[in-house]
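Q: Handing you a structure now.
The values are calculated or read from the model by the stated rules, or taken from the named source; none is laboratory data. None of the values given here were measured: they were computed from a predicted structure. Here Cβ is always computed from backbone atoms with ideal geometry, including for glycine, and neighbour counts include all displayed protein chains. Please note that ligands, DNA and RNA were not included when accessible areas were found on the heavy atoms of the full protein model with its side chains. Shrake-Rupley method; radii C 1.70, N 1.55, O 1.52, S 1.80 Å.
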Amino acid sequence: MDQGVTELDWQRLLIGDDSSVIYLEIFVRTLIIYGYTLVLLRWLGGRAIGQLSTVEFLLVIALGSAVGDAMFYPEVPLLHAMAVVTLVVLANKGLDMAMARNRGIERAIDGVPKEAVREGIILSHFLDGKALTTSELAQQLRQHGIEHLGQVEHAYVETDGVLTVFKSAPHARPGLPIVPPWEIERPLIVSAMAEGGESLACMRCGCLVTRPHRAPCPNCGHDQWTLARAGALS
């Protein structure tokens, strides 16, 4: 069993008992872990990191780990932790400079905004993507005061995961209701083949058709419908 710290040993505190080769290993380890984590964060997408950019989020977690280990574990020499911190900051600065000079690198790391809703309809490629689920999209639309998709002219998921919404003006078209939240009260599913001439909204994407309608949704291929809502709740 290792014995606890019994005296203040400056060599152990600053340098440790390893040879100078350890700094080369720290350099290699840091770059590998930094690059691997960057790839994973890019794969997770903007919603995993909130309003920070991918590089900023990676800087926070990398510095937190490097600084925290040196503070709490006596066996971690301070110079080792300082080397990691320095490498992380330099790598972050290098990425920032590369992104500022090359739009392609910026797109590869931070991604690009994604169009989610156009003229009251959730786009089919957005439904098949991983930016947001439809429930998360509806939640963020409600935070913008949206009660049904017909009130949305355009909506974009920005690279930081925040939803930007442009409302229809001056009068909203009918649309798929998202208020109240479906987890509380799900819209009534109705038959699209009945007569009547009412506007129906696809339950998956909000695409509008007029009853009677005898085909799947032309936008997403879904086959469940509800009555479209017009205007706003009183």
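Q: List the GluC sites (Glu not before Pro) within region 105-206 that fall in a DSSP loop (any state other than H, G, I, E or B) and whose Cβ has at most 16 other Cβ atoms within 10 Å. Show your work: numbers first, answer last.
A: Details: sites: 106, 115, 119, 136, 147, 153, 158, 183, 185, 195, 198; in loops: 119, 147, 158, 183, 185, 195, 198.
Sparse-neighbourhood loop GluC sites (Glu not before Pro): 119, 158, 183, 185, 195, 198.
Q: Any chance you could look up the accessible area of residue 125 with a 1.4 Å probe, heavy atoms only, rounded to 10 Å²?
A: For residue 125, the solvent-accessible surface is approximately 110 Å².
Q: Using a 1.4 angstrom probe on heavy atoms only, work out the carbon and sulfur share of the accessible area of region 108-171 in %. Walk me through the numbers before you get to the answer.
A: On the way: 1570 of 3070 Å².
Carbon and sulfur together cover 51 percent of it.
Q: Which FRET efficiency, nearest 0.05, do residue 115 and residue 21 yield, Cβ-Cβ r, R0 41 Å?
A: Details: r = 52 Å, r/R0 = 1.26.
For R0 = 41 Å, the calculated efficiency reads 0.20.
Q: Per residue, what accessible area does region 77-151 have, given a 1.4 Å probe and all protein chains present, in Å²?
A: Numbers: 3860 Å² over 75 residues.
It amounts to 51 Å² per residue over region 77-151.
Q: Based on the Cα gyration tensor of region 171-219, what are the three equivalent ellipsoid semi-axes, each the root of five times an eigenvalue, rounded to whole Å and given largest first?
A: Values: eigenvalues 73, 32, 23 Å².
Ellipsoid semi-axes (Å, largest first): 19, 13, 11.
Q: Using a cut-off of 18 Å between alpha-carbon atoms, which lysines can reach residue 167, once sequence neighbours fewer than 8 places away in the same chain are excluded?
A: Cross-link targets: 114.
Q: Same structure, new question: Sort 211, 29, 107, 142 by accessible area with a 1.4 Å probe, largest first.
A: Values: 211 35, 29 145, 107 120, 142 70 Å².
The ordering from most to least exposed comes out as 29, 107, 142, 211.
Q: Kirkwood hydrodynamic radius for region 103-220: how many Å is it when counted over pairs of different Cα atoms? Mind dumping the intermediate values first?
A: Numbers: mean 1/r = 0.0660 Å⁻¹.
When all Cα pairs of region 103-220 are included, the Kirkwood radius is 15.1 Å.
Q: A follow-up question, please. Based on Cβ point charges of +1 for Lys and Arg and -1 for Asp and Glu, what charge dipole magnitude is obtained for region 106-221 about its Cα centre, in debye rounded to the nearest 20? Mind showing how you got there, number by number?
A: Numbers: 11 positive and 14 negative charges, 65 e Å.
Roughly 320 debye, rounded to the nearest 20.
Q: When all protein chains stay in place, what accessible area (Å², nearest 10, 1.4 Å probe) is found for residue 146?
A: Spelled out: residue 146, probe radius 1.4 Å, area about 0 Å².
Q: To the nearest 0.05, what FRET efficiency results for residue 188 and residue 139 with a Förster distance of 22 Å applied to their C-beta separation?
A: 0.55
Q: Once the Cβ-Cβ distance between residue 65 and residue 101 is put in as r, and R0 is 25 Å, what FRET efficiency do you end up with, to the nearest 0.05? Provide the component values of the computation, followed by the final result.
A: Working: r = 29 Å, r/R0 = 1.16.
Calculated transfer efficiency: 0.30.
Q: What are the residues whose amide H is under 5 Å from the amide H of residue 154, where those residues sit 5 or more places off or on another chain and H is modelled from the backbone?
A: The answer is 119, 166.
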